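Q: Below: one structure in structure tokens.
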Amino acid sequence: MSDTGKRPDSLPGLGPWNACVDKSTARFPERRKDFVTGSGAPVARLYTPLDLGPAAFGGAGYEESIGYPGEYPYTRGVQNTMFRGRFWTMRQYAGFSTAEESNKRYKFLLEQGTTGLSVAFDLPTQIGYDSDHPLSQGEVGKVGVAIDSLADMEILFDGIPMDKVSTSMTINAPAAVLLAMYVAVAEKQGVGADKLNGTIQNDILKEYVARGTYIFPPEPSMRLITDIFAYCAKDVPNWNTISISGYHIREAGSTASQEVAFTLADGVAYVEAAIKAGLDVDDFGPRLSFFFNAHNDLFEEVAKYRAARRVWAKIMKERFGAKNPKSLMLRFHTQTGGSTLTAQQPDNNVVRVAIQALAAVLGGTQSLHTNSRDEALALPTEESVRIALRTQQIIANESGAAETVDPLAGSYYVESLTNRIEDEAWTYLKRIDGLGGAVRAIEQGYVQQEIQDSAYAYQMAIESGDRVVVGLNKFQVKEGPPKGLLRVDPAVGERQVAKLHALKERRDNAAVKASLVALDLAAKGDANLMPPIIEAVRHYATLGEICDVLRGVFGEYRPSAMF
Amino acid sequence: MEKKIRVLVAKPGLDGHDRGAKVIARALRDDGMEVIYTGLRQTPEQIVDAAIQEDADVIAMSILSGAHNHLFPRVTELLADKGVDDVLVLGGGVIPEDDIPFLKGKGIAAVFGPGTPTKATIEFIRANLKRS
């Protein structure tokens, strides 16, 4: 800490002001005894320059702890000019039913002005089962699009220029297979892998903790992830190889500080795994990306993003010795909080989403998905999706929030929250290191238990009325069942199975078999798995066939059920 | 001492959203019930076997993936096949209201949607147990 500045260790007016307030609150008590953030952290009545932390020391403290956008420690953002250069990527997560239906929805979204695609896969695809697997029954095409083979992927991106559109794919355990299919489809469009922009989520650790679409045990899963890092560093240089996700951790019930801490702890585990696999931190560090939630407490959320950037920059620089500035920058996607939306009076969700989206923008997000008002009820309709997208466009073009960089910097309250979240994150990170790192902490159930405790406390606060959710436990109205919800055609499963069986008839089954044997051999050894997966995909081996080979070699993850 | 109500909290299908299931499991336990949680990705067969093995009075299932119309009725059918008629079967999750009459017709005694207080589920169980 530099001491060139002077800390304002007292404010002459503060004592008398406090005395005055004490007198008036004795007569007119405040609304509550304790005020708390959305995450339950205490909130003081007033914040002053005394709460700025290191920046209270004046110039040098400011430059070290807050600094300038595009410069270490990136508290104020990862680019110099942020949204004055260009707006964040407006990216709506979408996908349902068949590849044909989802392709139509993507074209609709592009026409409406989205600037990137975000593919939602159905659960069988996310867990590496083909549509005709017994466990896929009832799930095909429900929460996302069903992809069994390259043939489906070709339809999904039909007429979409893959050299121009960036695509984010929410796929984790079988991320290598879907990336392989993306590369292979692009090839057919005449687009080289080096021209591709996009992201795969590829974050298995949060699947064990919060999202549930795991397949393999941690060790081989980490190998698949580091194989992707190595392959992309060479062949798909503009690809974000992972999106280390706090989103689902928060949705599972964590606090804002836990979201930052557990996400960055997972990040540390991936970096360590990649270094152990022989990669240089500056070869893969610049392609790591993050994914955070946006809940309703505007100031706490803004502080969360700022704190996350600062902590990650310090981890990469001080712990891993990264030299490339791009390795130090925490770039992130944001999605508004699905779990904050109510099934009651669903139009109110438009307002919640607007506040959350504003938090993401004020916090300097690189891309944003705004949830649709009907998501507590069903998949969103086109009309709801349009309102959600318009919400982003209004924030971008009308609110003024995008006209200067990091507008809330210097707010006594926001800087104090930023410091608090950073401190709490470091405390958790040390505890997780003490347990042997994120993988061990997850295997021991520590992270899950912390999240469950927060989730339960939150639910109890709602039920006691201590926390008000408008329309849910206060300001309720009698309302009829919601109308016009999107329903996925129940026959989609049968259609998808028929397509799959027809494919298996017409493809070169000898070539499929040979490619699967080659993959099996590679999995048993230690060669990079991406090339044999791409080869298998090109021959129209199915996702289920490829994952079955890997299941045979790697085994499956079996968690203990705790609550 | 009064016999504790035994509840099997179950996640049928491939859905990984179990915040609600875990909150319910804990609330029922805090209310004095004996709770077994199956964990994720259970087939209807596994759920019914677990319920019989654990001598559950109640099966409380949660689905947020939209597969409820397929999976919930499978559980009640399998219970009927095994001659079990005294287990209270409940559903929860993201389930459109239009689907509720169908599910009730298939033997799901009640469906609890998003925002339901845990107390409502507890009271329903205490008032509607099929076994005394």
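Bear in mind that the values in this text are calculations on the coordinates, not laboratory data. Please read all numbers here as calculations on a predicted model, not as lab measurements. All Cβ positions, glycine included, derive from the backbone under ideal geometry; neighbour counts span all protein chains shown.
Q: Can you figure out the FRET efficiency of A:E64 with A:V553, using R₀ = 56 Å and their beta-carbon distance, to the nearest 0.05?
A: 0.70
Q: Mind listing the Cα extents of the protein assembly as shown along all three principal axes, in Å, largest one first?
A: Result, largest extent first: 80, 67, 48 Å.
Q: Students often get this wrong: which residues of region A:282-315 have the backbone nitrogen under 18 Å from the point 7 angstrom along Cα-to-C-beta of A:D433?
A: Taking a point 7 Å out along Cα→Cβ of A:D433, the residues of region A:282-315 whose backbone N falls under 18 Å are A:308-315.
Q: Relative contact order for region A:286-392: what percent, with Cα pairs under 8 Å and sequence separation of 6 or more?
A: Relative contact order for region A:286-392 comes out at 31 percent.
Q: I've got another one for you. Could you pull out the pairs from A:K142/A:K504; A:K483/B:K4; A:K107/A:K499 whose alpha carbons sit more than 32 Å apart here?
A: Pairs exceeding 32 Å: A:K483/B:K4.
Q: Moving to a separate point now. Order by neighbour count: B:H70, B:H17, fewest other Cβ atoms within 10 Å first, most last.
A: Least crowded to most crowded, the residues run B:H70, B:H17.
Q: Hey, could you grab the Kirkwood Rh for region A:227-281? Inverse mean 1/r over distinct alpha carbon pairs, Å, one decimal.
A: For region A:227-281, inverting the mean 1/r across all distinct Cα pairs yields 12.4 Å.
Q: Still on this structure: Angle check, please: helix A:14-27 long axis (alpha carbons) against the longest principal axis of chain A (alpha carbons), in degrees 0 to 90, nearest 10.
A: Taking the Cα atoms of chain A, the angle to A:14-27 is about 90 degrees.
Q: For region A:492-554, just run the numbers: alpha carbon Rg, then divide by 2.2 N^0.38 Å, N being how many residues it has.
A: Scaled against compact globular proteins, the figure is 1.18.
Q: Using amide H atoms built 1.01 Å from N in the peptide plane, name the residues 5+ places from A:M169, or on other chains, whose amide H lies under 5 Å from its own.
A: HN-HN under 5 Å from A:M169: A:V119, A:T199, A:I200, A:Q201.
Q: Which angle between 0 and 90 degrees, to the nearest 10, do you get for helix A:446-463 versus the longest principal axis of chain A when only C-alpha atoms count?
A: 60 degrees
Q: Okay, moving on. What dipole magnitude, in Debye to the nearest 20, does the protein assembly as shown give about its Cα centre under +1 on Lys/Arg Cβ and -1 on Asp/Glu Cβ?
A: Charge dipole, the protein assembly as shown, about its Cα centre: 1120 debye, nearest 20.
Q: If you don't mind, there's one more thing I want to ask. Kindly write out, for region A:477-489 in residue order, the coupling ³J(HN,Hα) from the Karplus curve 6.51 cos²θ - 1.76 cosθ + 1.60 (θ = phi - 60°), rounded to whole Hz, with x marking Gly and Pro.
A: Per-residue couplings from phi come out as 10, 7, 9, x, x, x, 10, x, 6, 6, 10, 7, 4 Hz.
Q: Looking at region A:344-428, which GluC sites (Glu not before Pro) are DSSP coil and have at most 11 other C-beta atoms within 10 Å of their C-beta?
A: Filter output for region A:344-428: A:E403.
Q: Please list 3J(HN,Hα) in residue order for region A:332-341, calculated via the Karplus relation 6.51 cos²θ - 1.76 cosθ + 1.60 where θ = phi - 60°; whole Hz, with x for glycine and proline.
A: The phi angles translate into 9, 9, 10, 10, 5, x, x, 6, 8, 7 Hz.
Q: In percent, what relative contact order does region A:82-463 have, based on Cα pairs under 8 Å that are 6 or more apart in sequence?
A: 16 percent
Q: Once every DSSP H run of n ≥ 4 in the protein assembly as shown is given -39500 (n - 2.57) and the sum is divided by its residues, what mean residue ellipticity at 222 nm do you get, rounded to the nearest 500 deg cm²/dmol?
A: The helix contribution divided over the protein assembly as shown gives -14000 deg cm²/dmol.
Q: Could you work out how far apart the two model spin labels at A:A502 and A:A44 are, taking each label as a point 7 Å from the Cα in the direction of the beta carbon, and quote it in nm?
A: 6.8 nm
Q: Please give the FRET efficiency for A:W17 paired with A:T404, using the beta carbon to beta carbon distance and R0 = 35 Å, rounded to the nearest 0.05.
A: For R0 = 35 Å, the calculated efficiency reads 0.70.
Q: When DSSP beta bridges are limited to those with both residues in the protein assembly as shown, what percentage is antiparallel, rounded to the nearest 5?
A: Close to 5 percent.
Q: For region A:82-463, what is the convex hull volume of the alpha-carbon atoms per residue, in Å³?
A: 137 Å³
Q: To test your reading of the geometry: what angle, between 0 and 90 degrees and rounded to tens, separates the Cα axis of helix A:412-434 from the longest principal axis of chain A?
A: The two axes meet at around 50 degrees.
Q: Separate question: How far apart, in nm, are the 7 Å Cα→Cβ label points at A:E71 and A:R86?
A: With each label placed 7 Å out from Cα toward Cβ, I get 2.6 nm.
Q: Is there a quick way to get the dipole size of region A:178-280? I mean about its Cα centre, with the Cβ of Lys and Arg at +1 and of Asp and Glu at -1; what is the value in debye to the nearest 20?
A: With only Lys, Arg, Asp and Glu charged at Cβ, the dipole is about 140 debye.
Q: Roughly how many nanometres apart are two label points built 7 Å out from the Cα toward the Cβ at A:K323 and A:V191?
A: 3.4 nm
Q: Give me a comma-separated list of calculated 3J(HN,Hα) values for region A:93-101, in order, Karplus coefficients 6.51, -1.76, 1.60 applied at θ = phi - 60°, integers in Hz, x for any Gly or Pro.
A: My calculation for region A:93-101 gives 5, 8, x, 6, 6, 9, 4, 4, 4 Hz in order.
Q: Within region A:91-110, list the residues whose amide N lies under 19 Å from a label point set 7 Å along Cα→Cβ of A:E382.
A: Counting only backbone N, you get A:92-110.
Q: To continue, here is another question. Considering only B:G115, B:G107, B:G32, give the residue with the highest GNM mean-square fluctuation for chain B, with springs between Cα atoms whenever their separation is below 10 Å.
A: Among B:G115, B:G107, B:G32, the largest GNM mean-square fluctuation belongs to B:G115.
Q: While we're looking at this one, here's another question. Considering Cα pairs under 8 angstrom that are at least six residues apart, work out the relative contact order of region A:224-275 and quote it in whole percent.
A: Normalised by residue count, the contact order of region A:224-275 is 37 percent.
Q: Separate question: Test of understanding: in a Gaussian network model of chain B with alpha carbons linked when under 10 Å, which of B:E77, B:E97, B:E34 would top the mean-square fluctuation ranking?
A: B:E97
Q: Counting only other chains, and only Cβ atoms inside 10 Å, what mean value do you get across the residues of B:63-73?
A: Taking all residues of B:63-73 together, the mean is 4.
Q: Shielding by partners for A:131-139, please: the mean number of other protein chain Cβ atoms within 10 Å of each residue's Cβ.
A: 4
Q: Given a Förster distance of 45 Å, report the FRET efficiency between A:E463 and A:L521 from their Cβ-Cβ distance, rounded to the nearest 0.05.
A: Plugging the Cβ-Cβ distance into 1/(1 + (r/R0)^6) gives 0.20.
Q: Using the Cα centre of region B:6-128 as origin and beta-carbon charges of +1 (Lys, Arg) and -1 (Asp, Glu), tell me which of B:A27, B:A51, B:F72 is placed farthest towards the positive end of the dipole.
A: B:A27
Q: Please name which of A:A26, A:Y47, A:P73 has its Cα lying farthest along the dipole of region A:1-133 towards the positive end, using unit charges on Cβ (Lys, Arg +1; Asp, Glu -1) and the Cα centre as origin.
A: Checking the options against the dipole of region A:1-133, the answer is A:A26.
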